[in-house]
Structures are given as structure tokens and as C-alpha cells.
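What follows is a set of notes on a single structure, which appears directly below.
Derivation of every value follows stated rules applied to the coordinates shown; laboratory data play no part. Small disclaimer: the values here were computed from a predicted structure and weren't measured. Cβ coordinates were reconstructed from backbone atoms using ideal geometry, including for glycine residues, and neighbour counts include every protein chain displayed.
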Amino acid sequence: MRYLPKSPVERKEMLAAIGAKSIDQLFSGIPERFRLREALKIPGPYSEAEVIQYFKERAAENSDGYTSFLGAGVYNHLRSVVTDAIIQRGEFLTSYTPYQAEITQGTLQAIFEFQTLMCQLTGQEVANASVYDGSTAMTEAVLMSERLTGRQRVLVARSVHPEYREVLKTYAKNSGLRVEEIPFTARGTADAKALQAALKDDVAAVVVQSPNFFGVIESYPSLAELAHASGAMFVVVVTEGVSLGIVKPPAEADIVAMEGQSFGLPPSYGGPFAGVIASRDKFVRQMPGRLSGQTTDSEGQRGFVLTLATREQHIRREKATSNICTNQALCALTATVHLTLLGKEGLREMAEQNLSKAQFALSELLKIPGVRRTFDAPFFNEFTVEMPRSVKILNSQLLREKIIGPLALGTAYPELTKHALVCVTETTPRAEIERFAEALRRALERPI
Amino acid sequence: MRPQNIKEMNKKTKKASRHTSQNEGLIFEKSSPGKRAFELPSLDVPATDPAKALGADHRRAGIEGFPEVSEIEVLRHFTRLSTWNYAIDLGMYPLGSCTMKYNPRVNEFVARLDGIATEHPYQPQELSQGCLKIMRLLEQCLLEMTGMDAITLQPAAGAHGEMTGLMLIRAYLEKQGNPRKRVLIPDSAHGTNPATAVIAGYEVENIKSESHAQIDVEKLRDLVTGDVAALMITNPSTLGIFEQRIPEIAEILHSKGALLYMDGANMNALTGVTRPGDLGVDVMHLNLHKTFSTPHGGGGPGAGPVAMKKILEPFRPVPILVEKEGGRLALEPVRPNSIGRVKAFSGNFGVLVRALAYILAYGPGVRQATEDAVLNANYIRKQLEGVYELPYSLPSMHEVVFSDAIQKKNGVNTMDIAKRLIDYGFHPYTTAFPLIVPGALMIEPTESESKEECDLFIDAMKAIAEEAATKPEIVKTAPHTTRVRRLDEVGAARKPVLRWKPAVPRSEAAD
């Protein structure tokens with residue numbers, strides 16, 4: 001087997017050195033009757049060419065060749081080939097968690113740069129080295145709020161990603177957290193009046209997303225004020241990080257829970273991505289996950305180490321701030337390289353292109369008789385429209401023209417049946433937007 | 001280090017020699033306004049004025065401090081940083097319990113294919129059959145290897161899998177009428193076990209190992225009462241020793257209505273040789289970034305699938321992968337008894353792809369990998385026994401744990417030896433763990449090491465033991481050849497500096 005670096009002769013020599021008669025003898029600790037006698041029933045062994053062939057065949061059964069208008073937490077963005085060239089260097093790819101600082105300064109400095117970039121983007125003071133994804137980042141932000149306030153009631157806007165809310169509910173079930181949902185207004189924003197009515201001095205966190213699940217940008221200051229007046233943490237979720245290139249950061253938030261997928265990570269059928277927790281310096285000791293900190297070595301040189309480990313499971317065991325151990329380090333590195341390549345101007349320009357293309361797409365769709373905008377509040381690269389017919393049926397018609405249509409909202413929001421969430425990024429050519437609008441027009445002109 | 005020491009050292013180290021690495025500051029320190037490393041295609045629709053579309057309240061002027069550098073500078077910056085890392089691609093990584101094995105490059109290649117990396121989790125399932133088939137085949141392979149009945153691929157890492165597993169147990173017991181209160185965890189367990197039990201709403205009861213570092217079965221009989229939900233066991237234990245009485249342990253738990261959870265972190269010792277499902281384990285997680293070779297990437301991403309017996313199947317996290325008529329696969333979002341989602345979308349799919357590529361390359365021959373891993377650990381054990389103290393004499397499987405008792409007499413501890421190993425061209429072994437061995441040296445070579453690399457490691461360990469006896473100072477002040485010396489960790493924690501800030505505050509206000 002090509003991955004195993006031993007010849008049969010070497011195996012014999014090693015067994016002899018150990019003083020074992022056979023390899024079986026080394027497994028004598030396992031009771032005889034539990035040892036497998038037959039080979040495992042799994043396919044293989046495959047040569048490298050056969051492995052590639054298998055996955056190429058699977059890839060051909062997917063959506064290659066289709067144009068997609070899906071977003072909803074996972075976005076298509078341009079990425080430079082330089083990013084993969086860097087993250088595939090074995091020194092990054094095949095390195096362990098940087099506990100041995102002297103020989104992992106590369107990873108540690110890169111994480112420190114990631115933390116800095118995340119602070120700059122979110123307007124926060126401290127960011128961790130990543131958690132699994134946006135949904136678990138949001139949940140960890142709520143658990144962090146619970147520790148900081150000693151309270152257990154949580155108010156989450158219904159305009160937060162439905163799957164994120166589901167994950168929070170899964171965690172909440174066993175921790176005594178009581179999760180309540182805040183409705184959205186006719187403009188698609190979190191309902192401040194309903195929030196005010198629900199707020200009491202027992203609320204640990206108020207959670208909103210911006211741009212929210214409908215693509216609508218929330219107004220932070222007033223919501224933050226309401227939360228703070230009741231002594232609750234104000235948690236802001238960001239699923240589309242590129243928006244931060246032109247949209248004001250959630251500086252009023254106490255904790256930001258962000259999904260980093262938009263920063264150079266391919267959609268990859270839902271993962272691996274990188275969740276980010278950013279917060280205030282004063283809350284750092286309640287943060288989950290690893291942190292890289294600057295320090296000096298015994299000769300006074302600058303260096304970096306994993307720090308504040310007394311929050312973590314390997315030191316604190318059952319009293320840790322979280323059980324997280326393995327995180328999404330290579331995804332965080334990807335985001336670091338990608339954002340460094342984009343730079344200040346590149347990110348701004350990318351964000352502006354998203355905005356322009358989404359505005360163009362909306363104007364094209366609104367030309368179609370019967371298509372109406374659902375909400376009139378400002379949006380970034382996603383917006384919702386109401387269709388005169390079932391979105392699912394329209395989408396199946398679009399599929400015939402190799403177009404993956406917008407997400408039907410009826411499943412997650414029964415009151416928004418016939419409404420669809422359209423996403424357009426800088427990767428969507430104008431011609432495809434026009435083709436989509438044209439195909440939709442034709443589909444709607446067809447008799448039912 | 002003084003020059004004569006370097007010369008002397010070079011005689012002994014056959015693996016490492018000094019090399020030059022480049023100095024490199026933080027990327028923010030190289031930034032200068034107007035430089036860029038990325039250009040977008042020109043906009044093909046009318047440009048929208050952000051101030052108008054977003055409103056003045058929402059508009060951001062710019063991101064203070066964000067880098068402005070060119071492409072060559074980005075490439076050099078990260079390439080230079082990369083040379084400061086040790087990696088499996090450079091040599092043996094004997095970190096006990098971490099299973100740092102070779103990460104085949106074809107796995108990276110297939111995970112990046114168009115039609116794999118490009119797929120959106122919400123695209124129609126009829127256009128996702130390739131992704132779903134990959135998940136299905138991986139499920140089937142993992143079930144065959146573990147001897148379990150059902151599986152979820154959703155958890156993102158080992159600790160996340162542990163949490164999912166305990167939630168399954170809780171949901172199952174609740175359905176029986178009583179979720180119970182406590183989870184038993186041996187003192188040799190990984191730190192995530194107790195931290196996880198708390199998140200699943202359980203109290204932790206730590207149980208002491210008997211003198212041979214095995215679970216004290218007689219004592220366990222007394223400890224398992226009606227309010228114990230489960231025992232979390234690591235097998236082989238963190239000492240690399242197989243829990244020989246595991247079927248009996250399972251029986252004790254089952255007779256009281258409790259379940260047996262197995263931490264699969266050490267599955268690299270068992271794959272193809274024995275199956276946890278046959279041993280009486282009810283639920284376990286697998287670390288695909290350990291046993292199944294997906295790259296550790298400096299700390300992640302991983303994947304922590306959870307395999308279980310039939311009784312737990314109804315509680316699996318949604319969505320559930322099911323087979324419909326005609327072999328069509330689908331993800332079903334609703335199940336009445338499900339614990340719910342533990343993560344958005346369908347797990348760390350890209351990691352699942354890599355793990356399946358690894359399994360297909362081996363096929364049933366994966367047993368050879370297990371055998372080689374155990375062979376390497378025992379070979380190292382044999383050669384170093386006596387040089388370092390072996391606190392437990394039971395047979396080792398894929399890893400061996402020594403202690404620093406002999407070297408401690410000269411004031412040299414396991415951390416010093418580990419740091420000295422760096423000078424000899426190796427990554428240190430695990431030092432802080434397992435807690436039941438004071439001054440542990442936890443060594444897991446994996447199957448990826450040749451006899452030559454194992455011999456170099458053994459020579460290095462012997463040379464360090466000799467240094468510890470004759471000139472302990474050189475060990476205690478190691479490493480001597482790295483670009484930074486031992487770092488001030490206490491200072492880092494006391495006054496945390498966790499992000500870069502501009503040296504001189506700029507006049508324009510940050511937005």
C-alpha cells in the first residue's frame with residue numbers, strides 16, 4: 001500500500017526486535033473472541049487514478065453547469081488561486097494545533113492576524129481563532145451571554161437564519177435556556193416594539209442578524225439600546241461577511257457571531273466553514289475557543305502563543321467555557337489569506353459590486369408582471385420577492401433551463417409562501433441575471 | 001547555544017541541521033495605501049451608490065487598518081510564516097492521542113473538484129445525488145468498521161460528536177421516562193469528555209483507575225446506580241492500553257439501564273481488527289481528522305461522525321440521509337424524536353470527502369495500517385524501555401506512555417525533554433496528558449513512520465536521556481535551534497495582546 005512506508009522485511013525485523021512472533025501477538029490485549037477474522041466489507045483498495053475517477057463520477061451527478069441564485073448563509077464569491085497555493089503548503093496543511101509555540105510560529109502569527117482582521121471587520125476588540133461555523137458561533141455567543149449575565153432567557157429575532165435558530169434550540173434543551181422568538185416587521189426588520197415588550201431583567205441576550213435572513217440590514221443602535229436598558233447582551237449574527245466592506249459594522253454589539261465562509265471558502269455542500277466570535281476586551285475571559293496572543297521569548301523577540309487557556313477544556317475540564325477543542329484553523333487561515341489579498345480596496349469593491357448586481361437583479365425582476373418586492377428596507381446582496389405562483393413550481397421550470405432558482409421561503413416561514421430569497425454576488429454575470437429574469441417571465445406567462 | 005555545543009550536537013542529530021529562515025513582520029506593518037493584490041472583473045451592471053442604496057446610517061466609509069499589499073508580498077508573507085512551522089510533511093509527529101498521520105494529497109485534489117467544492121447545500125436534491133452518494137458510502141464504510149447500526153455525519157469535530165452522542169443518550173433515557181443525572185468519566189479521559197457532559201446537562205463523576213490503569217470493574221458495579229446515564233470510556237485508553245473487560249463493563253451499565261459511550265479518538269488502534277459495536281458499546285464518535293487522515297491544518301477543521309446502536313437511531317440529528325425508491329437519496333429535515341440540528345447544513349462535507357478518499361485507497365487493507373501503527377508503538381516502547389520509565393506494563397497498542405521519573409532526579413521534566421526533541425528535528429510527543437501519569441511522555445508514532453524515522457526518533461530520545469544525566473542544563477533550556485526561544489506564556493496571559501493595533505493612533509476616527 002502506497003501510504004505505508006515499510007517493506008515486509010522491515011516489519012519482520014521490527015517484530016523480531018520487539019520479541020514478538022507475529023503481529024497478532026501485539027493485539028493479545030483484545031480478547032480473542034472479539035477479534036475480526038474476516039476482512040472488512042468495504043470497497044477498495046483504489047489506486048490514485050481510481051480514487052479520482054470515483055469522485056469525478058460523483059461530481060458529474062451534481063449541479064455542474066447550472067447558474068445559481070441561492071445564498072441563505074452560503075455564498076459564491078471570487079477567490080484567488082494564490083489562496084489555495086498558500087493553504088496547501090504542507091507546513092500549514094499538515095501541522096497540528098500550535099501548542100508547541102517554538103515550532104508553530106507560522107500558524108500562531110497567522111491566527112493573530114486573523115483575530116486582528118476579524119476585529120477590524122466587526123468593530124469589536126477581540127476575536128477568537130474560530131469555532132465550527134456561524135450557527136455554533138451564535139450558540140456559543142448565547143452561552144457566553146448566559147455566563148456573563150447569569151440569566152437564562154434569550155430573545156432571538158425570527159429574521160435570524162432558521163437553521164441557526166434550530167441549532168440554538170438543540171443546545172438550549174439541556175442547558176435550561178429559554179429561547180423566545182421576536183417577530184419581524186412589514187419592512188423585514190426585527191420588531192423593536194415586540195422586543196421592548198418582551199424584554200425584562202431576566203434576559204441574557206438579544207440576538208439579531210444583519211444582513212438578516214431576508215437580506216435586510218438591521219439598525220443596530222436602537223436595538224442595542226433596548227437590550228442594554230434591560231442589562232441583556234446584544235448579540236449580532238453576520239452570515240454574509242462581505243457586507244462589512246460597505247455596511248457599518250455592529251460596533252454596538254457586545255458579541256458578534258460571524259460565519260467566515262464568504263472569505264474565500266468554497267460552498268462545499270455546507271462545510272467546512274469558519275465561525276467567529278468577536279467581543280469586548282472585558283468579556284474575553286468568558287470567550288470560548290483558542291486565542292493567539294503576542295508575547296516575547298527569553299531573548300526579548302516578539303512571538304506568539306496560545307493564551308488564556310484556563311478557559312479551555314484541556315485545563316478546566318467540566319468547568320471550561322466550552323467543550324470545543326478542534327476548531328476550523330485551516331479555514332481561518334484561508335480567510336486570512338483571502339482577506340489579505342483582497343485588502344481594503346478589494347473588499348470594498350467586491351461589496352459594492354454585490355450591491356450593484358443585487359440592485360440590478362431586483363430591478364430586472366420587478367419588470368415582470370406580478371413580481372413584487374416583499375420588504376422595502378435596505379439590503380446588501382440578497383432580497384425577497386413575492387411571486388404570483390408557487391416558488392417551488394417556478395423553480396422546477398427554471399431547472400429545465402439550467403437555472404437553480406431562489407430559495408422558497410414557505411418552508412421556514414409559512415406566512416411567506418410564494419416569497420423567494422434571491423442572492424446575486426459579483427460572480428453572477430449580467431447576462432445570467434437577464435437570462436434568469438427572462439426564464440422567470442416565460443414561466444409565469446405559461447398557463448397554469 | 002555556544003558553538004562547541006552545536007558541533008557536538010550535530011554529531012548526534014542525524015535528522016536536523018540548522019537552516020536559515022526569513023524574518024517577517026505582521027502583514028499590517030507592511031501595508032501602504034494604494035497597494036492591492038486582487039482585482040475584480042469590471043462591473044457589468046450600472047454602479048449603485050452605496051450611500052443611496054444603504055442610507056447614510058448604514059454606510060461604512062472604510063475599514064481602518066485593513067491591509068494594503070501586493071500579490072508577491074502576500075505570497076512571501078505567508079510562505080515565510082509557513083517555514084516557521086513543523087509539519088507531518090517534514091517528519092514524525094509523535095503526539096499521543098492526536099494520530100498525526102500522512103495526509104494523502106489526492107484527498108485535497110478530489111475535495112476541490114468542480115461539482116464537489118462548488119455545491120450549495122440548498123440546491124435541489126436531484127442535483128446533489130453525487131454529494132449524497134459520497135455521504136452514503138462513507139456512512140456504510142464507517143458502520144462496517146465500527147460494527148454499529150446507524151450514524152450521523154453532522155458533528156464538526158470530536159468534542160461536537162461527544163456532545164451529540166450524549167444528547168442521543170439523554171433523549172433516549174428521557175423517552176424511557178428519566179434522563180438521569182450523572183455521567184461517569186475515568187480520570188484518564190480527554191478533557192473534552194467532562195466539558196461535554198456538562199453541555200449535555202449532566203453532572204460529571206470522575207472515577208479513578210485501578211492500579212493497572214484499567215477501569216476498576218468491581219468498583220464500577222457499586223458506582224452504577226439508577227441515576228447514572230452513561231459511562232464515557234476511551235478505548236484503547238489514553239495510556240494506549242485496551243480495556244480488556246469492556247464487554248463486562250457494558251453489561252454492568254446495561255443491567256442498570258445506563259449506556260456505554262466510547263470516545264473513538266483512538267480508533268487507529270482498532271480499525272479492521274475489532275469493532276466497538278461487537279464489544280457492547282452503544283454510541284461512539286470518530287475523529288476523521290485522526291484515524292481517517294483528514295489534515296489537521298493547524299487545529300482544524302475536523303469531523304466527528306457519531307455511530308450508534310439501533311435504540312438510539314430515532315434520536316439522530318436532522319436532516320437524516322435516507323434512500324428512496326429507485327436508489328435516489330434524500331435528506332429528510334423532520335423526525336419526531338430527533339435531538340434537532342447540531343450544526344447548520346450537512347456537516348463538514350469537504351472533510352467527509354477526504355475521509356472517504358482515504359478509506360477507498362485502503363479498502364479492507366486498512367487493517368495493515370492499524371497493524372503498522374501498533375508495530376511502530378511497540379518497537380519504540382521496546383527500544384526506550386529502561387531509558388525512560390514505563391509506569392504501566394500492560395501491552396501497548398498504537399501509543400506508549402512513559403514517565404520522566406528517571407530524568408526528574410536530575411531536575412529534567414517531560415516538557416524539557418519534549419522541547420529538546422525539537423533540536424533533534426522532531427515534533428514533541430504529548431506532555432500534559434494523561435493526567436494519571438505524572439510527567440507523562442505520550443508517544444504515538446502512527447503507521448506513517450518508516451523504520452528509519454522510528455530509529456532516528458529512538459536515537460534522539462536516547463541521546464536526550466544521556467544529556468539529562470550528564471548535562472541537564474542543555475535539556476532544561478531547550479530548544480536552542482528554533483527562531484524563537486521559550487516564550488513568556490505567563491506574561492501573555494497576564495496582559496493579553498490579542499490583536500495588532502496601529503503604533504500611532506490615526507487622526508481619522510474608526511467607523
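As an exercise, find the ratio Rg/Rh for region B:123-270 from alpha-carbon atoms, using the Kirkwood inverse-distance average for Rh.
Across region B:123-270, the Cα-based Rg/Rh ratio is 1.01.
Got the relative contact order for chain B handy, in percent, Cα pairs under 8 Å and 6 or more residues apart?
Working: 861 pairs, mean separation 98.0, N = 511.
Reported relative contact order: 19 percent.
What relative contact order, as a whole-number percentage, does chain A give when Cα pairs under 8 Å and 6 or more residues apart are counted? Spell out each step's value before the answer.
Working: 800 pairs, mean separation 87.8, N = 448.
Normalised by residue count, the contact order of chain A is 20 percent.
Taking the radius of gyration and the Kirkwood hydrodynamic radius from Cα positions alone, what is the Rg/Rh ratio for the protein assembly as shown, to two decimal places? Intermediate values should be presented prior to the final figure.
Values: Rg = 27.6 Å, Rh = 28.7 Å.
Here Rg/Rh amounts to 0.96.
Using the count of nearby Cβ atoms within 10 Å as a rough guide to exposure, how do A:HIS419, B:HIS289 rank from fewest to most?
On the way: A:HIS419 21, B:HIS289 28.
Fewest to most other Cβ atoms nearby, the residues stand as A:HIS419, B:HIS289.
Work out which GluC sites (Glu not before Pro) in chain A are exposed loop sites (DSSP not H, G, I, E or B, at most 13 other Cβ within 10 Å) and give the longest gap free of them. Before the final figure, lay out each step's value.
Details: sites that count: A:GLU38, A:GLU299.
The answer is A:39-298.
Dipole magnitude of chain A about its Cα centre, charges +1 at Lys/Arg Cβ and -1 at Asp/Glu Cβ only, in debye to the nearest 20?
Numbers: 50 positive and 50 negative charges, 209 e Å.
Dipole size: approximately 1000 debye.
For region B:110-364, with only Lys/Arg (+1) and Asp/Glu (-1) charged at the beta-carbon, what is the dipole magnitude about the Cα centre, in debye rounded to 20? Present the calculation step by step, with values, prior to reporting the outcome.
Details: 24 positive and 26 negative charges, 94 e Å.
Once rounded to the nearest 20, the dipole reads 460 debye.
Extending each Cα 7 Å along its Cβ direction at A:ALA192 and B:LYS462, get the distance between those two points in nm, one decimal.
For A:ALA192 paired with B:LYS462, the spin-label model returns 7.6 nm.
Tell me, B:ASP404, B:ASP278, A:ASP191 in order of fewest to most beta-carbon neighbours within 10 Å? Spell out each step's value before the answer.
Values: B:ASP404 24, B:ASP278 15, A:ASP191 18.
Fewest-to-most ranking of B:ASP404, B:ASP278, A:ASP191: B:ASP278, A:ASP191, B:ASP404.
Anything over 19 Å Cα to Cα? Flag those among A:LYS248/A:LYS344; B:LYS101/B:LYS451; A:LYS6/A:LYS41; B:LYS15/B:LYS382, in the order listed. List each step's numbers first, then the result.
Working: A:LYS248/A:LYS344 15 Å; B:LYS101/B:LYS451 15 Å; A:LYS6/A:LYS41 25 Å; B:LYS15/B:LYS382 21 Å.
Those over the limit are A:LYS6/A:LYS41; B:LYS15/B:LYS382.
Pick out, in residue order, every one of the trypsin sites (Lys or Arg not before Pro) in region B:266-328 that is DSSP loop and has at most 15 other C-beta atoms within 10 Å; say none if there are none. Don't skip to the answer; put the middle values down first.
Numbers: sites: B:LYS290, B:LYS309, B:LYS310, B:LYS324, B:ARG328; in loops: B:LYS290, B:LYS309, B:LYS324, B:ARG328.
Counting only loop positions with at most 15 other Cβ atoms within 10 Å, the trypsin sites (Lys or Arg not before Pro) in region B:266-328 are B:LYS324, B:ARG328.
Among DSSP beta bridges whose residues both lie in chain B, state the antiparallel percentage, nearest 5. Before the final figure, lay out the partial values.
Numbers: 18 of 35 bridges.
Within chain B, antiparallel bridges account for around 50 percent of the total.
Please name whichever of B:SER42, B:ASN287, B:ALA159 sits farthest to the positive end of the charge dipole of chain B, dipole taken about the Cα centre and charges placed at Cβ: Lys and Arg +1, Asp and Glu -1.
Checking the options against the dipole of chain B, the answer is B:SER42.
Which of A:ARG400, A:ARG11, A:ARG435 ends up with the largest GNM mean-square fluctuation for chain A, with Cα atoms connected below 10 Å?
Maximum among the listed residues: A:ARG11.
Average partner chain C-beta neighbours within 10 Å, per residue of B:353-360?
Working: counts 4, 0, 0, 5, 6, 3, 7, 10.
The mean count of partner-chain Cβ atoms within 10 Å per residue comes to 4.
Tally the DSSP beta bridges in region B:110-364 and give the antiparallel ones as a percent, rounded to 5.
Details: 11 of 27 bridges.
Given both bridge residues lie in region B:110-364, the antiparallel proportion sits at roughly 40 percent.
Note the full-extension length gain between B:ALA432 and B:ARG328 as 0.36 nm times their separation in residues minus their Cα-Cα distance, in nm to one decimal. Walk me through the numbers on the way to the answer.
Working: separation 104, 0.36 × 104 = 37.44 nm, distance 4.86 nm.
The span from B:ALA432 to B:ARG328 would gain 32.6 nm if fully extended.
Summarise the long-distance tail of P(r) for chain B by giving the % of C-alpha pairs beyond 45 Å. Let's see the in-between values first.
On the way: 31200 of 130305 pairs.
Here the long-distance tail beyond 45 Å is 24 percent of all Cα pairs in chain B.
Just for the Cα atoms in region B:110-364, what are the lengths along the principal axes, largest first, rounded to whole Å?
Each principal axis gives a Cα extent; for region B:110-364 these are 56, 38, 32 Å.
Using the Cα centre as the reference, give the magnitude of the dipole from point charges on the C-beta atoms of the protein assembly as shown (Lys, Arg: +1; Asp, Glu: -1; all else neutral), rounded to the nearest 20 debye.
Details: 110 positive and 111 negative charges, 75 e Å.
It comes to approximately 360 debye.
Which whole number gives the average count of other chain Cβ atoms within 10 Å of the Cβ atoms across peptide A:15-28?
On the way: counts 3, 0, 5, 7, 2, 5, 0, 0, 9, 2, 2, 10, 10, 3.
Going residue by residue through A:15-28 and averaging, the value is 4.
Can you find, among B:GLN123, B:HIS77, B:TYR93, the residue sitting farthest towards the positive end of the charge dipole of region B:71-125, where Lys and Arg contribute +1 and Asp and Glu -1 at Cβ?
Highest projection toward the positive end goes to B:TYR93.
Test of understanding: ordering A:ILE30, B:ILE252 by Cβ neighbours within 10 Å, fewest first, what list do you get? Before the final figure, lay out each step's value.
Working: A:ILE30 24, B:ILE252 21.
Placing the least packed residue first, the sequence is B:ILE252, A:ILE30.
Rounding to the nearest 10 and keeping the result within 0 to 90°, find how far the Cα-based axis of helix A:430-445 lies from the longest principal axis of chain A.
The angle comes out at about 60 degrees.
Using Cα centres only, tell me the gap between region B:211-247 and region A:308-346 in whole Å.
After rounding, the separation between the Cα centres reads 33 Å.
I want the antiparallel fraction of DSSP beta bridges within the protein assembly as shown, as a percent rounded to 5. Before the final figure, lay out the partial values.
Values: 46 of 83 bridges.
Around 55 percent antiparallel, to the nearest 5.
Taking every residue in A:110-119, how many Cβ atoms of other protein chains lie within 10 Å of its Cβ, on average?
Working: counts 8, 3, 5, 9, 1, 3, 10, 8, 1, 5.
Mean shielding count: 5.
How much net charge surrounds A:VAL51 when only other residues with a Cβ under 14 Å from its Cβ are counted (Lys, Arg +1; Asp, Glu -1)? It would help to have the intermediate numbers written out before the result.
Details: positive: A:ARG2, A:LYS56, A:ARG58, B:ARG105, B:ARG112, B:ARG354; negative: A:GLU48, A:GLU50, A:GLU57, B:GLU108.
Taking every Cβ under 14 Å from that of A:VAL51, the sum is +2.
Return the aspartates and glutamates within reach of B:LYS219: Cα separation strictly under 17 angstrom, same-chain partners fewer than 8 residues apart disregarded; answer none if there are no such residues.
Reachable aspartates and glutamates: B:ASP187, B:GLU205, B:GLU210, B:ASP227, B:GLU243, B:GLU248, B:GLU251.
Using alpha carbons only, how many angstrom separate the centre of region B:319-346 from the centre of region A:166-244?
So the separation of the two Cα centres works out to 28 Å.
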